[in-house]
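Below: one structure, written as structure tokens.
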Number of protein chains: 4
Amino acid sequence: MNTVLLTGFEPFNQQPINPAWETVRALDGWRGDDHVVVSRQLPCVFGDALAALHAAIDELRPDVVIAVGQAGGRSDITVERVAINVDDAPIADNRGARIVDEPVIPGGPVGYFSTLPIKAIVHALREAGIPASVSQTAGTFVCNHVFYGLMHALRDKPAIRGGFIHIPFLPQQAARQPVPTPSMSLADMIEAVKIAVATTCSTTGDLREAGGGTH
Amino acid sequence: MNTVLLTGFEPFNQQPINPAWETVRALDGWRGDDHVVVSRQLPCVFGDALAALHAAIDELRPDVVIAVGQAGGRSDITVERVAINVDDAPIADNRGARIVDEPVIPGGPVGYFSTLPIKAIVHALREAGIPASVSQTAGTFVCNHVFYGLMHALRDKPAIRGGFIHIPFLPQQAARQPVPTPSMSLADMIEAVKIAVATTCSTTGDLREAGGGTH
Amino acid sequence: MNTVLLTGFEPFNQQPINPAWETVRALDGWRGDDHVVVSRQLPCVFGDALAALHAAIDELRPDVVIAVGQAGGRSDITVERVAINVDDAPIADNRGARIVDEPVIPGGPVGYFSTLPIKAIVHALREAGIPASVSQTAGTFVCNHVFYGLMHALRDKPAIRGGFIHIPFLPQQAARQPVPTPSMSLADMIEAVKIAVATTCSTTGDLREAGGGTH
Amino acid sequence: MNTVLLTGFEPFNQQPINPAWETVRALDGWRGDDHVVVSRQLPCVFGDALAALHAAIDELRPDVVIAVGQAGGRSDITVERVAINVDDAPIADNRGARIVDEPVIPGGPVGYFSTLPIKAIVHALREAGIPASVSQTAGTFVCNHVFYGLMHALRDKPAIRGGFIHIPFLPQQAARQPVPTPSMSLADMIEAVKIAVATTCSTTGDLREAGGGTH
């Protein structure tokens, strides 16, 4: 039985809601044949977010950790490939900090790759009719910060797989944007994360299927 | 009791499904306090589409006609403002025709405005959390062709209101596109058209609320 | 000898410069074998813009009128197909007015088509290596207002051809935008308008070449 | 006197021209007060591109290496922050190879950061009126392959600074695209690379200015 830790952030950047938290909290306690899900909210604050993540990992000793975050403006589920060791905030975090060009972990390596089966997840999502792609950048804000900190924490625990998935705005968020903006229904986002969990738990290694970009 | 005619197209451009038809057929027979919906499919063929529309209007004598079409790539519900008297097909219709720069109705006026309460519909959709905006162009393909032909048929029947609404791809269509492409769930598109119908039936005149573009 | 009147707007929407005016003023006095260009600036003000346009037409008695406007965010030269009889301002004009859903000309027809050879212009621009396309909407702000008012003024003067061309931001404008935004060099925009003038003066009728949109 | 090696690729993906090569070859031999530029073309072929780059470095012993590549669809000059250790080709390279999920350098670290002053370059470009931004991903095709291989080669030569800059399509390339696509004039791209070279040669360290993304 795999314990799967899902995390989602509190709302940020003036949004009243965060689709990542809405999605993962709907899956808290979800049991499959070979896994059980525990969901936790993270603050959208540099440093504090990682502290909360580390505490949850210590407490729950999960087999899989999938951090989920909002990518307002993207139209599909994007499974992140790589976290990089830099905080460079284009907006303030929820404590007002705008960190520029500081490492997430001083002395840490430049990057970590996701250890989720990212190609298999994208493949399974598309098969299920949910738009999805591999993303080559998780940005440089709190999402990447958590993704990098997660992979750094797991660096010498190869039995625990981890990674990050970005999801679009909810329709009600897009409805308040000044220009037409893509969104996805909560039901499809919940289904997408379920598929990501199930695919991870049932997959060893990954598919070898193109998922890159020319730039 | 208002009779509301909804039309949706058959699939076109290699798509196996058309969200417009899926949406309107789900509403066939829907009765509200003051309306009943009848839904009809139109062929995605210049000329034939209008013939089918005219036959349905003659048969049903509706009070409101809302034609619905797929706008692959748009992210929100777009309520069309104006139909123009030109067919200029960027792709072949379902009979293989690629008409270029022919009038929809020879001798007809350059354009017709929708007689739906387009601002009230957009307002109601956003209030309901569904992304929506006014669109200043319905293109120059079969959608605009039907929109123009509809408004031309209604030109001396002011008691019958008519217009056109474009809707995005379904998620399963977007999942097969080579690049990330916006979509909307079928449930939200059905809810959107219900709101458009109800708003039209309950509104005389229209809201005066900005809905234009600088270009 | 054709007299060609080119118009460009003063800056608007907090921009310090308007590429349309920069472009057309560079062509003031330009003579070809069969034409001479006169360029005039228009205020970005509903009503006043048309008054200035009409005065210029009365004074200069041009054979061709091409109004040029800035379409910030578009990436190519867009030759407009149709003007519609509505002012619906998403931003304030330069006198602070935000007109919503008023006709440009009370009692005027819904729309007017450009009488420039729009397909021949787009074809010639692409042949010259300048990105260009036909646009099905000039928006509902002062650009469309001038385009509609121009075509209304020319409605019973078929010997005078007129139309509207939108051009992108200049690079220095795009460099100040908060997100990556397309632009075009002033040299290419000047060359583009020269080609539009020359093509108009040398073309009777228009090419029949697809230039429409599915939506 | 700094020797600056600029590289640009041969055309790829059915394009008849590559703006990167057109740009850097225009600067071959350009001398400033404190630098001289040498430009070399690289094949758009996995492996061979790096072999050619390494040979040029061995031969020229440059102080600065800036590899330049085409990013068709981007609208501005994008100064890349990070190279990652993966080849995942969405299209075939010029020898027909479509490598999927192979490391650029087996056993190499996940990523390398650019050692160019990326923030200072973006700042200088915008000051000069050229649209520019920091990019968090150079993709996973031959551009990233060369960027990663370059930084790996320089990993124990801190005196040699290196990095990668992506540039848009030329206007004549965008003019042949089926949909409106951003571009930049060759003159502006040449000016941009000159500014990047001069900024690098005159800057120690980097500016600390926000240049990140939320995702």
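The values are calculated or read from the model by the stated rules, or taken from the named source; none is laboratory data. In this text, all values refer to a predicted model and were calculated from it rather than measured experimentally. Using ideal geometry, Cβ is built from the backbone for each residue, glycine included, and neighbour counts are taken over all protein chains shown.
Note on region B:150-180: residues that are small (G, A, S) and either in a loop (DSSP other than H, G, I, E, B) or closer than 16 Å to A:S185 by Cα (or both) amount to 3. Taking the criterion of being facing another protein chain (nearest Cβ under 8 Å) and assigned to a loop (DSSP other than H, G, I, E, B), the only residue of region B:60-72 that qualifies is B:A71. Could you look through region D:87-109, keep only residues that are buried (at least 21 other Cβ atoms within 10 Å of the Cβ) and within 7 Å of another protein chain (Cβ to nearest Cβ), and pick out the one that is nearest to A:G108 (Cα to Cα)? Step by step, filter region D:87-109, then rank; the result is D:D88. Only a single criterion out of (1) surrounded by 19 or more Cβ atoms within 10 Å (Cβ to Cβ); (2) on the phi > 0 side of the Ramachandran plot is not satisfied by A:F164, namely (2).
Specify which of the listed residues (C:V110, C:V100, C:V82, C:V86) is out of contact with any Phe, Trp or Tyr (no Cβ under 9 Å at 6 or more places or on another chain) and of a type in the set (V, I, T).
Checking each option against the conditions leaves just C:V100.
Scanning region D:54-85 for residues that are surrounded by fewer than 24 Cβ atoms within 10 Å (Cβ to Cβ) and farther than 19 Å from D:P16 by Cα turns up D:H54, D:A55, D:A56, D:I57, D:D58, D:E59, D:L60, D:R61, D:P62, D:D63, D:V64.
Can we say D:T140 is closer than 17 Å to A:Q136 by Cβ, without any contact (Cβ under 8 Å) to a residue 60 or more places away in the chain, in contact with a strand residue (DSSP E or B) (Cβ under 6 Å, 6 or more places away or on another chain) and part of a loop (DSSP other than H, G, I, E, B)? Yes: the conditions hold for D:T140. For region D:125-161, a residue qualifies if it is surrounded by fewer than 21 Cβ atoms within 10 Å (Cβ to Cβ), over 26 Å from C:P168 (Cα atoms) and more than 11 Å from chain A (Cβ to nearest Cβ), and the qualifying residues are D:H152, D:A153, D:L154, D:D156, D:K157, D:P158, D:A159, D:I160. The requirement of being at pLDDT 95 or above and under 15 Å from the mean Cα position of the chain (by Cα) is fulfilled nowhere in region A:93-101; no residue meets it. For C:A71, are the conditions met, namely being closer than 30 Å to B:Y112 by Cα and either at pLDDT below 95 or touching a Leu at 6+ places or on another chain (Cβ under 7 Å) (or both)? Against the criterion (closer than 30 Å to B:Y112 by Cα and either at pLDDT below 95 or touching a Leu at 6+ places or on another chain (Cβ under 7 Å) (or both)), C:A71 does not qualify. Condition check: under 28 Å from B:Q177 (Cα atoms), at pLDDT 95 or above and touching a Phe, Trp or Tyr at 6+ places or on another chain (Cβ under 8 Å). Does A:F164 satisfy that? Yes, satisfied.
Looking at A:Q173, A:Q177 in this structure, which one is modelled with pLDDT of 95 or more, more than 18 Å from A:T23 (Cβ to Cβ) and not small (G, A, S)? Steps first, please.
On the way: A:Q173 fails: more than 18 Å from A:T23 (Cβ to Cβ).
The match here is A:Q177.
Whether a residue is facing chain B (nearest Cβ under 9 Å) and in contact (Cβ under 8 Å) with a residue 40 or more places away in the chain was assessed, and C:I84 passes this test. (1) buried (at least 22 other Cβ atoms within 10 Å of the Cβ); (2) polar (S, T, N, Q); (3) within 28 Å of C:G72 (Cβ to Cβ): which one isn't true of B:T181, the others all being true? Unmet for B:T181, out of (1) buried (at least 22 other Cβ atoms within 10 Å of the Cβ); (2) polar (S, T, N, Q); (3) within 28 Å of C:G72 (Cβ to Cβ): (1). Counting just the residues of region A:177-214 that are in contact with a helix residue (DSSP H, G or I) (Cβ under 6 Å, 6 or more places away or on another chain) and within 14 Å of chain D (Cβ to nearest Cβ), which one comes out farthest from A:W30 (Cα to Cα)? Filtering region A:177-214 for residues that are in contact with a helix residue (DSSP H, G or I) (Cβ under 6 Å, 6 or more places away or on another chain) and within 14 Å of chain D (Cβ to nearest Cβ), the one farthest from A:W30 (Cα to Cα) comes out as A:T181. All of (1) crowded, with 23+ Cβ neighbours inside 10 Å; (2) within 29 Å of B:H166 (Cβ to Cβ); (3) more than 14 Å from chain B (Cβ to nearest Cβ) hold for C:F169 with one exception: (3).
For (1) in contact (Cβ under 8 Å) with a residue 24 or more places away in the chain; (2) on the phi > 0 side of the Ramachandran plot; (3) of a type outside the set (K, R), each residue gets a yes or a no:
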position: B:E59; (1), (2), (3): no, no, yes
position: B:D63; (1), (2), (3): yes, no, yes
position: B:Q70; (1), (2), (3): yes, no, yes
position: B:R74; (1), (2), (3): yes, no, no
position: B:A92; (1), (2), (3): no, no, yes
position: B:R95; (1), (2), (3): yes, no, no
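Only a single criterion out of (1) over 20 Å from D:D34 (Cβ atoms); (2) buried (at least 17 other Cβ atoms within 10 Å of the Cβ); (3) in contact with a Gly (Cβ under 9 Å, 6 or more places away or on another chain); (4) of a type outside the set (F, W, Y) is not satisfied by D:R176, namely (2).
Number of residues in region B:1-37 that are surrounded by fewer than 19 Cβ atoms within 10 Å (Cβ to Cβ), in contact with a helix residue (DSSP H, G or I) (Cβ under 9 Å, 6 or more places away or on another chain) and in a strand (DSSP E or B) equals 2. Within region A:198-211, the set of residues being crowded, with 22+ Cβ neighbours inside 10 Å and not polar (S, T, N, Q) comprises just one member, A:G211. Can A:A174 be described as more than 14 Å from chain D (Cβ to nearest Cβ), aliphatic (A, V, I, L, M) and over 22 Å from B:A174 (Cβ atoms)? No. Residues in region A:116-137 that are within 28 Å of A:N94 (Cβ to Cβ) and assigned to a loop (DSSP other than H, G, I, E, B): A:L116, A:Q136, A:T137.
Of the residues making up region D:181-207, those that are out of contact with any strand residue (DSSP E or B) (no Cβ under 7 Å at 6 or more places or on another chain), part of a helix (DSSP H, G or I) and touching a residue at least 24 places away in the same chain (Cβ under 8 Å) are D:L186, D:D188, D:I190, D:E191, D:K194, D:I195, D:A198, D:T199, D:S202.
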